[in-house]
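Quick notes on the structure that follows.
Nothing in this text is a laboratory measurement; each read-out follows from the coordinates by a stated rule. Remember, it's a predicted structure, so these values are computed and weren't measured experimentally.
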Amino acid sequence: MDAASPAPAATLAADALLGLLVPLWQVVIGGFVLVVLVVWVARLARRPRSRMTTALLVTAAAIAGFALVGVLLQG
């Protein structure tokens with residue numbers, strides 16, 4: 001092994017650290033998406049009822065439901 005290549009232990013440690021950070025970033029991004037979704041639903045709920053409002057809420061609930069089922073079946 002030459003001096004320019006990193007040691008295998010250092011590479012494993014870097015991969016392990018990155019493996020710990022990746023779920024954290026997924027949680028942060030998911031939190032931001034959740035905040036935006038809550039703000040959007042609150043603004044939509046303050047508007048008068050219409051067919052489009054109902055359609056948007058039903059579509060959003062269906063997307064969230066499919067995503068939840070996908071996450072639960074994945075793990």
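Taking 0.36 nm per residue of separation and subtracting the Cα-Cα distance, what length does fully extending Ile29 through Ala42 add?
Full extension from Ile29 to Ala42 adds 2.7 nm.
Determine the distance separating the Cα centre of segment 49-75 from the Cα centre of segment 29-45; give it in Å without decimals.
Answer, in whole Å: 13.
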